[in-house]
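Structure first, commentary second.
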Amino acid sequence: MEINLIRKNNKFNFEAQNPSGQTVELDAKPEIGGEGKGFRPMEMLLVGLGGCSGIDVVNVLTKQKEPLNDVKINIKATRKDEEVPPIFDVINIHFDLYGALNVQKVERALALTFEKYCSVSNILERSATLNFTYEIHQ
């Protein structure tokens with residue numbers, strides 16, 4: 001895996017590119033001169049968590065032949081502001097799942113995601129409390 005970053009201005013705005021050519025912009029917080037031109041690095045960690053766990057949940061439910069029509073993910077996190085660096089303290093991730101889904105299969109998919117498959121959650125739970133919830137919408 002390789003990611004390349006280039007600086008886009010004379011401040012803190014960077015563009016990251018993966019080997020396939022997709023890009024994402026990053027920027028610092030306004031308090032130190034960021035200009036709101038991209039995600040902040042800690043936000044990118046939460047994006048990674050949402051993407052990783054979302055992909056794994058969809059994959060497991062698909063293998064279980066569950067009729068998943070859509071999924072929306074909301075992540076809220078707090079940081080240990082008194083520490084330097086201020087790492088995440090608690091991360092709450094909520095899944096809104098759409099379809100006529102079996103509760104036991106959803107719970108199994110979420111358990112497998114967070115206990116076995118999602119490498120991002122595995123890394124983050126080493127320093128933060130990770131909580132997940134879900135709601136099924138028929």
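Bear in mind that the values in this text are calculations on the coordinates, not laboratory data. The structure presented is a predicted model; accordingly, all values stated were derived computationally and were not measured. Note: ideal-geometry Cβ built from the backbone for every residue, glycine included; neighbour counts use all protein chains shown.
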Problem set entry | the stretch 41-137, dipole about Cα centre (Lys/Arg Cβ +1, Asp/Glu Cβ -1), debye to the nearest 20 | 360
For this session: Give the percent of DSSP beta bridges with both residues in the chain that are antiparallel, rounded to the nearest 5.
Result: 65
Exercise. In the Gaussian network model of the chain, springs joining C-alpha atoms below 10 Å, which of Asn74, Asn92, Asn18 carries the largest mean-square fluctuation?
Worked result: Asn18
For this session: Give me Ser119, Ser53 ranked fewest to most by other Cβ atoms within 10 Å of their Cβ, as a rough exposure proxy.
Result: Ser119, Ser53
Problem set entry | Label-zone membership for the stretch 90-134, site Glu31, 7 angstrom Cα→C-beta point, backbone N under 20 Å | 90-91
Problem set entry | Most mobile listed residue (Glu43, Glu35, Glu25) in the chain, GNM with C-alpha springs under 10 Å | Glu35
Exercise. Most fluctuating residue of Leu110, Leu49, Leu61 in a GNM of the chain with Cα springs under 10 Å: which is it?
Worked result: Leu61
Exercise. With each label point set 7 Å from Cα along the Cα-Cβ vector, what nm distance links Asn10 and His137?
Worked result: 4.8
Exercise. Total Lys pairs in the chain closer than 26 Å by alpha-carbon, pairs eight or more apart in sequence or interchain only?
Worked result: 20
Problem set entry | Among Asn102, Thr62, Pro41 the positive-end extreme of the charge dipole of the stretch 7-138 (Cβ point charges) | Thr62
Problem set entry | Computed lengthening from Ala100 to Val71, 0.36 nm per intervening residue step minus Cα-Cα distance | 9.2 nm
Exercise. Which listed residue (Ser127, Gln22, Ile75) has the Cα farthest towards the positive end of the charge dipole for the chain, taking +1 on Lys and Arg C-beta and -1 on Asp and Glu C-beta about the Cα centre?
Worked result: Gln22
Exercise. Of all trypsin sites (Lys or Arg not before Pro) in the stretch 50-81, which ones are in loop regions per DSSP and have a Cβ with at most 12 other Cβ atoms within 10 Å?
Worked result: Lys65
